[in-house]
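Structure record follows, encoded as structure tokens.
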Amino acid sequence: MKRNAVIDMTHGPLLGKILLFSLPLMASNILQLLFNAADIVVVGRFAGSASLAAVSSTVSVINLFTQLLIGLSVGVNVVIARYLGLGGHGKEISRTLHTAILVAMAGGVVLGAIGILSAGWVLDLTAVPDDVRPLALLYMRIYFIGTPFSMVYNYGAAALRAAGDTRRPLFFLMISGMVNVVLNLVSVIIFHMDVMGVALATIISQAVSAVLVLLCLSQTLGELHFSWGSLCLDKPRLLEMAHVGIPAGVQSCLFSLSNVVIQGAVNSYGSVIIAAVGAASSIEGFIYIAMNSFHQAAQTFISQNLGAAKYDRITRVLRICVLSTLVIGISLSALTVLLAHPLIGIYNSDPAVIQAGAERLYLVASVYVIFGVADVFVGAIRGYGVPIVPVIINLLGTCAFRLAWIAWLDTSRYGVEWVYASYPISWVLILVALVPFWFHLRHRERRQLAAVPEAEG
């Protein structure tokens, strides 16, 4: 790999390196959201509220299907980062990479087929209104065709990030995102293809990003060099990735499952609220994804330093990532609340949708930083090699709580703001559980080092 693309995470000052890692990643994630939001903006502005509601109603369902496989990319990142920290494990890194790409391809095909076949049943389960169901069904079925491309990009980018390379994935997203935006505009405005056009634009842009990341890896020197002839299914490496990745994917699925249930409750309030929530959720995604770059920084830096036995750097990594998340999260939340109406207006010009979307931002976006900080602790714990506990905490604090909340809530009597309230309450619950567990991990490590002082050597 090119030396200027690599960050030495185990030596020297941390703040500059964490920012060098996080800021390109943040830009990549924001660009990805911008290009994904282009689907919603284009259909909302040029095809109408029904089309906006159709696309919005599928987001949580699509995430539920895709998060388990995408979660495995966390395993790719952590395992490769750990081997890089240990040094001298080029063969294991190469086999991890090629196993990951094969899993992405095969898993993407299987997942796409399941998504296409079950789309109608899932939309019925989430009570998507009849006036938007045909468009939502069409969008979902086309979208799932592109699942293998999305998986390949995510796994390949995870491997690059493990070595600290967040700049080239940013470049790939810029190219694929511009393709997506251009095709969105052409297909909807010129050819009047409605949701079919934006779905096709999405899968074409995903294919572009997958090709670019594979080309990058094929031209990379060293352990992260990709070759089609080296594709393999290495069982030990797969189990290592699964040890971290499956719990991460399950956790993401739990979030998505609870969001599907919440989407079902939102759907009962009609197409205006569905469209408003779709727009507001897209805006909130920018706040989350900006903070999430420090989650990934904590995960990768801690994993490498753990592999290199640089235990004294781990606390400093977490401290920098938490403080950075607070600064970014509070700033973006304040800006979002201040500009709530014009931001929703970008997605849809209907005054009712704008007002309903702004009300959602006041209640949810304003406190999103709580989730951002909790997310950093999740990344730190995963990077520390403890993947199961965050899943259990999220199962209880997020999934179980939200399911119970929605089961209790009578949407015919209570306003939609009661649905929104489930978000910040669940974030506080998981943060309150994660922080003590992190300090327990660190205390256990100090006890072990005190008992075996030579371990530092």
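Couple of notes before you dig in:
- Residue check, G357 touching a residue at least 12 places away in the same chain (Cβ under 8 Å), surrounded by 15 or more Cβ atoms within 10 Å (Cβ to Cβ) and not hydrophobic (A, V, I, L, M, F, W, C): yes
- Inter-residue pairs, beta-carbon under 9 Å, first within 19 Å of Y269 (Cα to Cα) and in contact (Cβ under 8 Å) with a residue 40 or more places away in the chain and in segment 108-128, second of a type in the set (G, A, S) and surrounded by fewer than 16 Cβ atoms within 10 Å (Cβ to Cβ), 6+ apart: A127/S268
- Residue within segment 230-241 that is under 18 Å from the mean Cα position of the chain (by Cα) and touching a residue at least 12 places away in the same chain (Cβ under 8 Å) present: yes
- Candidates V378, V337: the one that is assigned to a helix (DSSP H, G or I) and either in contact with a strand residue (DSSP E or B) (Cβ under 7 Å, 6 or more places away or on another chain) or open to solvent by 10 Å² or more (accessible area, probe 1.4 Å) (or both) is V337.
- Selection within segment 136-152 - in contact (Cβ under 8 Å) with a residue 40 or more places away in the chain and open to solvent by less than 50 Å² (accessible area, probe 1.4 Å): A136, Y139, M140, I142, Y143, F144, G146, T147, P148, S150, M151, V152
- Hits in segment 216-227 - residues which are among the hydrophobic types (A, V, I, L, M, F, W, C) and farther than 17 Å from Y153 by Cβ: L221
- Leading residue by the ranking (modelled with the lowest pLDDT) among those in segment 8-41 that are of a type in the set (V, I, T) and open to solvent by 10 Å² or more (accessible area, probe 1.4 Å): I40
- Listed by first and then second residue, the pairs with beta-carbon distance under 8 Å, at least 6 apart or on different chains, first residue in segment 385-408 and open to solvent by 60 Å² or more (accessible area, probe 1.4 Å), second modelled with pLDDT of 85 or more, are L396/L429; L396/A433.
- Picking from residues in segment 340-349 that are of a type outside the set (G, A, S), crowded, with 22+ Cβ neighbours inside 10 Å and within 24 Å of the chain's Cα centre (by Cα), the one that is modelled with the lowest pLDDT is Y347.
- Qualifying residue in segment 76-95 (condition: modelled with pLDDT under 85 and on the phi > 0 side of the Ramachandran plot): yes
- Scanning segment 245-259 for residues being modelled with pLDDT under 75 and open to solvent by 20 Å² or more (accessible area, probe 1.4 Å) gives a total of 6.
- A count restricted to segment 87-132 and to residues that are in a helix (DSSP H, G or I), exposed (fewer than 15 other Cβ atoms within 10 Å of the Cβ) and charged (D, E, K, R) stands at 2.
- Any hit, segment 206-220, residues being out of contact with any strand residue (DSSP E or B) (no Cβ under 7 Å at 6 or more places or on another chain) and assigned to a loop (DSSP other than H, G, I, E, B): yes
- Within segment 294-334, being open to solvent by less than 20 Å² (accessible area, probe 1.4 Å), at pLDDT below 90 and closer than 20 Å to W427 by Cβ holds for one residue alone: Q299.
The values are calculated or read from the model by the stated rules, or taken from the named source; none is laboratory data. Source: prediction; values computed, not measured. All Cβ positions, even for glycine, are placed from backbone atoms using ideal geometry, and neighbour counts span all protein chains on display. Quick note on the areas: whole protein, heavy atoms, side chains included, nothing else; ligands and nucleic acids left out. Shrake-Rupley method; radii C 1.70, N 1.55, O 1.52, S 1.80 Å.
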